[in-house]
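This report refers to the structure that appears directly beneath it.
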Amino acid sequence: MRTGYVWGFLIGALLLPLLLGCGAEPETVANDATAEEEALPPHEIAIGEYAFRAFDPASNTQTRFDFSLAGLVDEKDLTKLEEEFQKKKIRIRDRVMIVSRESTIEELEDPDLVMFRRRLLKELNRLIDDGKLSDVYVSSFRVKTR
């Protein structure tokens with residue numbers, strides 16, 4: 001009689017994990033496809049080159065800005081964003097100039113331009129209807145105040 005309990009316990013212990021695993025949902029091919037899409041690196045897209053002056057009448061100073069701007073975008077949004085940047089070129093230039101003028105000296109002297117880039121990214125994503133920039137990069141950055 002005792003061996004019956006032992007056999008029952010062993011069979012139950014072996015079958016219990018199998019029964020619990022049966023309730024799990026099978027993995028689908030769609031999950032593999034979305035994981036593959038997420039693994040793709042973002043593409044770099046040129047936003048523009050900017051060279052302009054800003055005059056501050058309060059301090060009687062003139063600041064010259066000169067830099068190139070690029071952004072990172074997902075593969076699926078690349079063509080839509082290129083078209084949208086072309087259509088909204090003037091608005092984007094205006095927004096970049098406003099953010100540049102409103103930046104403080106501390107933001108512009110930061111070697112990584114963290115706050116400046118963050119503000120540019122936020123403002124540019126507000127203008128975009130299709131897709132979204134994941135990051136913004138500034139190169140050849142020169143600012144001169146006199």
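Quick notes
- Neighbour counts of C-beta atoms inside 10 Å place Phe85, Phe67 in the sequence Phe67, Phe85, starting with the fewest.
- Taking other C-beta atoms within 10 Å as the exposure proxy, Arg126, Arg64 rank Arg126, Arg64 from fewest upward.
- Shown for Ile47, Ile90, Ile98, Ile128: other C-beta atoms within 10 Å of each C-beta, ranked fewest to most, produce the order Ile90, Ile98, Ile128, Ile47.
Quick note: the coordinates plus some simple rules give every number you see, no bench work behind them. Worth saying up front: this structure is predicted, and the values here are computed from it rather than measured. In this analysis, Cβ positions are derived from the backbone assuming ideal geometry, glycine residues included, and neighbour counts consider all displayed protein chains.
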